[in-house]
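Derivation of every value follows stated rules applied to the coordinates shown; laboratory data play no part. Quick caveat, the model's predicted, so the values are computed rather than measured. Cβ atoms come from the backbone with ideal geometry, glycine included; neighbour counts cover every protein chain shown.
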Amino acid sequence: MRLSFPNASRSFDESRSQVCFWGYDSTIEISFFVGVEALKQLYPEMENAESGFLQAFDAVLGRIHEVADKVYVRGAKGKGIYAYILAAEDF
């Protein structure tokens, strides 16, 4: 089963320098974090501020969802892990 992403919410976690978003496997919520370095790789013209990070995230959202689904499927799906960090090398 593929993940769905019906929740358009995302937020920037300044302490981790990551954007957080959520996917769903049926009724199970899975947290994902995309690091600033990955966003810079995907969207080089990104501004180095919270608004720039969120704008970059929104601009490449489809690619981020694709990678989140792949990381989840090849990872610990069904093994009780409900949070994943998407790093630059995942893209």
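List every residue pair whose Cβ atoms lie under 8 Å apart, where the two residues are 6 or more positions apart in sequence or sit on different chains, the first residue falls within region 13-34 and is closer than 12 Å to residue 72 by Cα, and the second residue, located anywhere, is of a type in the set (A, V, I, L, M) and part of a loop (DSSP other than H, G, I, E, B).
23/3; 24/3; 25/1; 25/3; 30/3
Checking residue 30 against (1) outside any strand (DSSP E or B); (2) touching a helix residue (DSSP H, G or I) at 6+ places or on another chain (Cβ under 8 Å); (3) of a type outside the set (Phe, Trp, Tyr), only one condition comes out false. Which one?
In the conditions (1) outside any strand (DSSP E or B); (2) touching a helix residue (DSSP H, G or I) at 6+ places or on another chain (Cβ under 8 Å); (3) of a type outside the set (Phe, Trp, Tyr), residue 30 misses (1) alone.
List pairs: first residue in region 38-58 and over 12 Å from residue 19 (Cβ atoms) and without any contact (Cβ under 8 Å) to a residue 24 or more places away in the chain, second residue charged (D, E, K, R) and assigned to a loop (DSSP other than H, G, I, E, B) anywhere in the structure, Cβ distance under 8 angstrom, at least six positions apart or on different chains.
none
Scanning region 5-27 for residues that are of a type outside the set (S, T, N, Q) and in a loop (DSSP other than H, G, I, E, B), which turns out nearest to residue 85 (Cα to Cα)?
Kept after step one, since they are of a type outside the set (S, T, N, Q), are these residues of region 5-27: 5-6, 8, 10, 12-14, 16, 19-25.
From what is left, the residues that are in a loop (DSSP other than H, G, I, E, B) are 5-6, 8, 14, 16.
Details: 5: 16, 6: 19, 8: 18, 14: 15, 16: 11 Å.
Looking at the filtered set, the residue picked out is 16.
Pull up region 1-32, narrow it to residues that are of a type in the set (Val, Ile, Thr) and out of contact with any strand residue (DSSP E or B) (no Cβ under 8 Å at 6 or more places or on another chain), then point me to the one that is surrounded by the fewest Cβ atoms within 10 Å (Cβ to Cβ). Full working, then the answer.
Restricting attention to region 1-32, the residues satisfying the condition of being of a type in the set (Val, Ile, Thr) are 19, 27-28, 30.
Now narrow it down to the ones that are out of contact with any strand residue (DSSP E or B) (no Cβ under 8 Å at 6 or more places or on another chain): 27-28.
Values: 27: 5, 28: 11.
Top of the filtered list is 27.
Please enumerate the residues belonging to region 36-63 that are among the basic types (Lys, Arg) and surrounded by 15 or more Cβ atoms within 10 Å (Cβ to Cβ).
First pass over region 36-63, keeping only residues among the basic types (Lys, Arg): 40, 63.
Listed by number, the list holds a single entry, 40.
Of the numbered conditions (1) out of contact with any helix residue (DSSP H, G or I) (no Cβ under 7 Å at 6 or more places or on another chain); (2) assigned to a helix (DSSP H, G or I); (3) not charged (D, E, K, R), residue 67 fails exactly one; give the number of that condition.
(1)
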